[in-house]
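So that we are looking at the same thing, I have put the structure below in structure tokens.
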Ligand code: SF4
Ligand code: SF4
Ligand code: FES
């Protein structure tokens, strides 16, 4: 491959060296300088319509829009000098002419780029005394609501639908100070990826109906995670308020999901807040299942499992770490999983990005670790085997199938109806309550972290399984999920050489990942 030509320039007195063709705005980011901008977004084609990114380039006749100007050798760029600041102050003043001062009731407040840049470099007061323009809010369909009074006409939303979703839906209607975003006749925002416009909108003009009035931005706790809802494994930020997951938003990863996530994944978070949980370890006594201590429950489970042939019915939502530990329980037995399916829905503007048919995060990991994918979940359960139900709710499976087992151990966030005959129940955290890794459909191992506190005495699945194996005399206990992962990496060839440190928060492929997966960052948006 031909070597990339580098260009050297100076931005705000700092020497910068970037590949030829880079814009000044992106070059400034490499030096830690944020040039204010509205219409520019790295996942969209450049429009150059807002003029918020104006900077002074020495020897150029006028200020340059840094999002649309590429770097040149020897350029000297000033971002915060008087001339550039003055120009941007003017842009802000113009944008605020018709913008309502409704930050106190706006959902975007606290994460609004108009608020931020006005505070940073806008005027202290307004010179505008006339009444402001008013247009009513409009339901755009899907999860999207439009509040035209707040719109700054950056056209990010229009370009997303045109160039990334490939479904032209939005346009700039009217002209001059009457301009606003309109929908084409017969079109609405029900495209499976349409809600990304809410994240793209730099102000509170496009809002999520689901999140409307649920929380202020500063009340949220944010955690780096992975969307658990299909095998694509989009990188997300999981946001919680008072220990409830209230929103998921995409986290950029050029190897997996660019800047986006689908609506189905985005809105499918309520199950993580589910209330009907098992919250205490339980062991069967004469009077049925009774709450007990963790120590007693682990000892009872170890006794029930030791020396027995075990069949594990696992959930493909479990982490690589937990699935790996489950394989250590089998003792000559086998394991299986089933996965819910739905329609595949690609995002045409981004190669290899789609809401996948298989709706669980770790199908690849489960198969790699030896679990059999099947619709007949308990088909492999032999007469007299011990059945371990791990993370599965056994929905649709009757107690008759379960009764082939000589004993049932449930290691799950919920107690399945058809497994109420269990002799031991070990309550575990769900996806949002623990840390671990999952492997996406291209074999990329990605980390997720704990977003909310697990209820009652519930413990992380890797900790429970580690303690159980310890009680069975199979290994020393683990204190961290990273230790379980190290053990997995040293004992399974696909995971060789990986660790939490090397995986980081962008993930890395397993050694034998399929060749079809993207090897270089994916290109985003239309040419
Ligand atoms: S609705 Fe938002 S994203 Fe669309 S043009 Fe207006 S400000 Fe930009
Ligand atoms: S494509 Fe899959 S992983 Fe990505 S957001 Fe949608 S459901 Fe979640
Ligand atoms: S961000 Fe450069 S013109 Fe809008």
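Go through (1) touching a helix residue (DSSP H, G or I) at 6+ places or on another chain (Cβ under 9 Å); (2) more than 23 Å from residue 212 (Cα to Cα); (3) part of a helix (DSSP H, G or I) one by one and return the number of the condition residue 115 breaks.
(2)
Answer yes or no as to whether residue 22 is within 26 Å of residue 256 (Cα to Cα), touching a residue at least 24 places away in the same chain (Cβ under 8 Å) and crowded, with 18+ Cβ neighbours inside 10 Å.
yes
Out of everything in segment 348-362 that is under 16 Å from the mean Cα position of the chain (by Cα) and in a loop (DSSP other than H, G, I, E, B), what residue ends up being nearest to ligand 3 (Cβ to nearest atom)?
Within segment 348-362, the match that is nearest to ligand 3 (Cβ to nearest atom) is 353.
Restricting attention to segment 46-69, report how many residues are under 30 Å from residue 257 (Cβ atoms) and either surrounded by fewer than 15 Cβ atoms within 10 Å (Cβ to Cβ) or more than 16 Å from ligand 3 (Cβ to nearest atom) (or both).
1
Quick check: is even one residue across segment 291-314 over 26 Å from residue 459 (Cβ atoms), free of Cβ contacts under 8 Å to residues at least 60 places away in the same chain and part of a strand (DSSP E or B)?
No: zero hits.
Which one is nearest to residue 239 (Cα to Cα) among residues in segment 269-301 that are within 16 Å of ligand 2 (Cβ to nearest atom) and out of contact with any helix residue (DSSP H, G or I) (no Cβ under 6 Å at 6 or more places or on another chain)?
By that ranking, first place goes to 269.
Residue 107 versus (1) surrounded by 16 or more Cβ atoms within 10 Å (Cβ to Cβ); (2) within 16 Å of ligand 3 (Cβ to nearest atom); (3) within 29 Å of the chain's Cα centre (by Cα): which is the lone unmet condition?
Only one criterion in (1) surrounded by 16 or more Cβ atoms within 10 Å (Cβ to Cβ); (2) within 16 Å of ligand 3 (Cβ to nearest atom); (3) within 29 Å of the chain's Cα centre (by Cα) is unmet by residue 107, namely (2).
For residue 100, only one of the following conditions fails: (1) at pLDDT 95 or above; (2) within 30 Å of residue 208 (Cα to Cα). What is its number?
(1)
Here is a further query. Of all residues in segment 250-287, count the ones that are within 19 Å of residue 208 (Cα to Cα) and surrounded by 21 or more Cβ atoms within 10 Å (Cβ to Cβ).
Result for segment 250-287: 10.
From the set of residues in segment 52-66 that are under 37 Å from the mean Cα position of the chain (by Cα) and part of a loop (DSSP other than H, G, I, E, B), which is farthest from ligand 1 (Cβ to nearest atom)?
Going through the qualifying residues, I end up with 66.
Enumerate the helices (runs of 4 or more DSSP H) found wholly within segment 156-268, keeping only those where 1 or more residues are within 12 Å of ligand 2 (Cβ to nearest atom) and closer than 26 Å to residue 95 by Cβ.
Correct list: 196-200.
Quick one: in segment 416-429, of everything that is at pLDDT 95 or above and assigned to a loop (DSSP other than H, G, I, E, B), which residue is farthest from residue 307 (Cα to Cα)?
Among residues in segment 416-429 that are at pLDDT 95 or above and assigned to a loop (DSSP other than H, G, I, E, B), the one farthest from residue 307 (Cα to Cα) is 429.
The values are calculated or read from the model by the stated rules, or taken from the named source; none is laboratory data. Computed from a predicted structure; not experimentally measured. No Cβ is skipped: glycine too gets one built from the backbone with ideal geometry, and neighbour counts run over all protein chains shown.
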